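No lab work stands behind these numbers, since they all come straight from the coordinates. Treat the numbers as computed from the prediction; the structure is a model and nothing was measured. Because the Cβ atoms are built from the backbone with ideal geometry, glycine has one as well, and the counts that use them run over all protein chains shown.
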């Protein structure tokens, strides 16, 4: 039965003198025991409060003058200090507990009181003292017949060996400790030791055993309401996922763990999570996030005097510094870490420093030194039995040799085998890529292809484990070259099967994440996710509202200063906006991580679309042109219903980039003062036609003989995205005079839309589509004609739902868009090149962001974004396009009419009316837009006015 301590609150609040007087009058053994029980219960959940109770218990025991009680209370105080990572104070308190026990004549209790000192000495990096004390206590307790307590000593010794990275010794200590504890202590105690054991098994690549132990332990801790122990499991599970290459799952576990540690004020444990999260972010090439994590944890470790932990974090931080071209700082950080590990005689961490130093040296081109450091690291890591890490070091050594033309193929093959054995798919891909490059330089194309194919396959396996979009894109940033080298090797040989395989490889590397989103949009069952955290949902809503307020107030457009000059829109300070965006982006990431389940950890890994399927989807008079680039040259695949061909080196990437800059300059000239434009109409028109002739010469003329029919599907690549190929000029004609053109982010994305269209049985007759239309107009300075535009479209689509001005709200969009076959939005848009998923469309009461559309479900044949630059995108690795276009395609729109630049209001309205007039008469979307642009060209000859819009998706 619990004992009430009526004077507890008064004593806790009293100053030392008043407390002493009070305790002299009221203290009794039962009350002290009750205070001890409170302190022990609070140690894990609220160590500060546990310490207050333990100190009060110490004072009460001192007032009673009972050594045995004083021993127990001092021990409780020591445990509270340990929970707070105040290890020097913990050692003093535990030694005091032992002395009180000795004065009470209880040698056994004195030995038990000192067990916790082992772990605190380890945290203070007084390893030799800790080892000696562990041996002394184990032997003494065994002599006393204390099997259970000697088992606890072994567990503490295991923790000590773990901290010194001596995994075999830690494994032995934990195993022996468990043998002595089983059947003698409570199940939760066994579970905590098994968690430690699982961590060691993870390091030793015994992943399945570790996973089983973690799963059972966490289940038990959750049932007991033990938040601290559950958070420890999550920390360790995060590390297990990290070494297994499952980075999204790793960060999800780390995020749960960190949040739990923060909630119970365990700063040191939260800092340890930060250090591990830094490693994961670094592996994903998310360098700013990694640096933030390292800086945060190093500050805590230095404050706590934890040189080992801070040195480990410094090693990871050095990689980030080197990647940011801060090589000198990186080398200094590694030197500091190495000095710490040498002082602690930690050979394993010294080897880790050598591995990272080799990486930094290789990155900076100091190859001979890099190979030397890598060889040193490999020897020590192999000696320690860490063969996966040893393979990382050996890769650097032999990659240097292969790049220098030395035949290091046999040892690099060994790296491949080790990487495969230890589930390091990314390393396996790099090693195979290195071998492929070597054989290609040696002229052995067959062997080169063998290794490059294997490198692509290994990378496919690695990237499949990174499901969260932002992580996936960053992860690929330094890995895409293996696809390019395989394509180059295949096309250099140039047999027809090689061309087919090269196209397959291009598609594997192109817009895969967008393809998955498009396919998910078609699969409503796949849209489900985990239940959202209510607190996080509320925070997201608040940040979302704040972001919209900033957008309304600032009108953040690219070229905002020109906009201000033209229409008087004020441009404010962006600092607050950027802060809100950063907070919102972080909250969105937390929400994505919270939705990471075994079912969502991996990409769907859809098989690439086979050539035969692409050809079957093409009409007899239709040609698909897919551009790609490697070694700085542009090449084009030309696919018809009956054939496939490729043209190499049709242009240089640098040449097309220069042409794109010239085009932007000519378009911007039209945005100048009206009087200037009117005076120089002919000159401006002639100047842009010269650029558009170059566009035709570079991208269409070399492949024109291969084109069949009058319909083109164009799949751009890299710098070609956003170019108006339909406006490319050949003599007096433009490309759209010869062909009806649609664009697609990838051939597979286009094919998915065609398949969906066929499955729905889309009817060409207009009535079935036009009676289910949504028209919305939000007039603003510079786009005053959008209301007239929508009114005239309503006359063409009489069954449409129309919302003007204040009625054009986000709620109206969310309610009616999912039920509409046509969506037309005439409003202001902003494109954020620095943050493209925060690009948006203005509604009367807020902004619709590209990222918002990920949660929207559309089933429309056409979404027209009649606003400035709605087709602008930021191209990320893997040719992933980010912007409003991505959002609408991901939501389920099968085709989009988007603008490539900010066309004039009157010309846009004219194009739109003629475009929808064609649709209302039953013309296909692509043909209707082409006809509209040709007709508007008669009134507005400059391409700025008539060529701004392009159709993306199905015809």
Taking 179-186, 813-820 and ranking on average Cβ neighbours within 10 Å, highest first, one gets 813-820, 179-186
Förster radius 60 Å - calculated FRET efficiency between residue 662 and residue 208, Cβ distance, rounded to 0.05: 0.55
Pop a pseudo-label 7 angstrom from the Cα along the beta-carbon direction at both residue 677 and residue 335 and give the gap in nm to one decimal. 6.0 nm
Going by alpha carbons, how many degrees (0 to 90, nearest 10) lie between the helix axis of 87-103 and the longest principal axis of the chain? 20 degrees
Cβ-based exposure ranking for 165, 791, in which fewest neighbours within 10 Å come first: 791, 165
Projected onto their principal axes, the Cα atoms of the range 227-368 stretch, largest extent first, over whole-Å spans of 49, 31, 24
Antiparallel DSSP bridges in the chain: what percent, to the nearest 5? 55 percent
How high is the relative contact order of the range 410-450, in percent, with contacts defined as C-alpha pairs under 8 Å that are six or more residues apart? 29 percent
Residue separation between residue 834 and residue 633 times 0.36 nm, minus their alpha-carbon distance, gives in nm 69.7 nm
What is the helix-to-structure angle for 786-796, meaning the angle in degrees between its Cα long axis and the longest Cα principal axis of the chain, kept from 0 to 90 and rounded to the nearest 10? 60 degrees
Could you tell me the relative contact order of the range 614-711? Use alpha-carbon pairs under 8 Å, at least six residues apart, and round to a whole percent. 30 percent
Over the chain, calculate the relative contact order: mean separation of alpha carbon pairs under 8 Å at least 6 apart, over the residue count, as a percent. 6 percent
Label-point separation (nm) for residue 179 and residue 89, each offset 7 Å from Cα along Cα-to-Cβ? 4.0 nm
In whole Å, what is the distance between the alpha-carbon centres of the range 683-757 and the range 209-282? 51 Å
Förster radius 60 Å - calculated FRET efficiency between residue 102 and residue 457 (Cβ-Cβ, nearest 0.05): 0.35
Crossing angle, helix 207-224 versus the chain [Cα axis fit, 0-90 degrees, rounded to tens]: 70 degrees
Gain upon complete extension [residue 645, residue 442; 0.36 nm per residue less C-alpha separation]: 70.3 nm
Computed E for residue 68/residue 144 - FRET, C-beta separation, R0 22 angstrom, nearest 0.05: 0.85
Students often check this: by mean Cβ neighbours within 10 Å, which of 345-358, 203-216 ranks highest, and how do the rest follow? 345-358, 203-216
Within the chain, helix-based [θ] at 222 nm, where runs of 4 or more DSSP H residues each add -39,500 (n - 2.57), nearest 500: -20500 deg cm²/dmol
Could you please rank 292, 592, placing first whichever residue has the fewest other Cβ atoms within 10 Å of its Cβ? 292, 592
So, in nm, how far is label residue 406 from label residue 685 when the simple model puts each one 7 Å beyond its Cα toward the Cβ? 6.7 nm
Arranged by the count of other C-beta atoms within 10 angstrom, fewest first, what order do 233, 131, 482 take? 131, 482, 233
Difference of contour (0.36 nm per residue) and Cα-Cα distance, residue 493 to residue 28: 158.2 nm
